[in-house]
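Here is the structure we will look at.
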Amino acid sequence: MPNQRVTAEMKLVWDMHETWTEAYIGIRHLVYDVLPKPGRQMPSEFHALCQLALVGSNHLMEVGLYKFLQSRPSYALLPESKKKQLRAATYNDMLTIWIQELADWKPDLKSPPLKCTERLRRRRNDTVHKTSAAANVPMARSALYSAVAGSQQLWLKSKEAFPYQSFLLSYPLQDERPFSEVTFP
């Protein structure tokens, strides 16, 4: 049999990740591809995965908040001692002190989406530090949705484009209930 020439075309595409995008894609995979759809029976170890999704979603918001603060033009003007203070700042201090100092606006923690991320932060603290609070799939999905919305709000409030929008287009997020509205088990 004579040799036939085979022609093939290959296209390589890759995403460049950093802390926020890597966390987002991993949590999104856990929430939508690993965990079952809401309302289905699931083994007990999946409840622990739901807790991890909550903790990871809170991490996503914290990373988004820190990246936002670092991206402020006034951040570059800070002395190294202040930058060190910011690196050591708590999530709450970043929201209540540092946003005002670096972005010149005060976050509204009583309205969505930051109201949702505040509830997520408290639930994360309960899960990690206190009672290992139970979680379910609707909570996991809502946590991711709310963390992304909270991250987006930071740039929106400063009238800037969300720097991770292209990743949200490549890895779309489903509409979910805000975390301030989910029922805890």
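The values are calculated or read from the model by the stated rules, or taken from the named source; none is laboratory data. All of these numbers come straight from a predicted model, not from anything done at the bench. Cβ: placed from backbone, ideal geometry, glycine included. Neighbour counts: every protein chain shown.
General observations
- Each residue in region 26-38 was checked for being in contact (Cβ under 8 Å) with a residue 40 or more places away in the chain and either touching a Pro at 6+ places or on another chain (Cβ under 7 Å) or of a type outside the set (A, V, I, L, M, F, W, C) (or both), and 5 pass.
- Scanning region 4-14 turns up no residue that is out of contact with any Gly (no Cβ under 8 Å at 6 or more places or on another chain) and under 24 Å from residue 153 (Cβ atoms).
- The one condition from (1) among the small types (Gly, Ala, Ser); (2) within 18 Å of residue 150 (Cβ to Cβ); (3) not in a helix (DSSP H, G or I) that residue 39 does not meet is (2).
- Extreme residue, farthest from the chain's Cα centre (by Cα), among residues of region 61-79 that are assigned to a helix (DSSP H, G or I) and loosely packed, with under 10 Cβ neighbours inside 10 Å: 76
Yes/no per residue for (1) among the acidic types (Asp, Glu); (2) touching a Gly at 6+ places or on another chain (Cβ under 9 Å); (3) surrounded by 13 or more Cβ atoms within 10 Å (Cβ to Cβ); (4) without any contact (Cβ under 8 Å) to a residue 60 or more places away in the chain:
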position: 86; (1), (2), (3), (4): no, no, yes, yes
position: 89; (1), (2), (3), (4): no, no, yes, yes
position: 93; (1), (2), (3), (4): yes, no, yes, yes
position: 100; (1), (2), (3), (4): no, no, no, yes
position: 104; (1), (2), (3), (4): yes, no, no, yes
position: 107; (1), (2), (3), (4): no, no, yes, yes
position: 125; (1), (2), (3), (4): no, no, yes, yes
position: 137; (1), (2), (3), (4): no, yes, yes, no
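- Considering region 80-185, the qualifying helices (runs of 4 or more DSSP H), each wholly inside and each with 3 or more residues that are at pLDDT 95 or above, under 20 Å from residue 46 (Cα atoms) and under 15 Å from the mean Cα position of the chain (by Cα), run over 114-125, 137-157.
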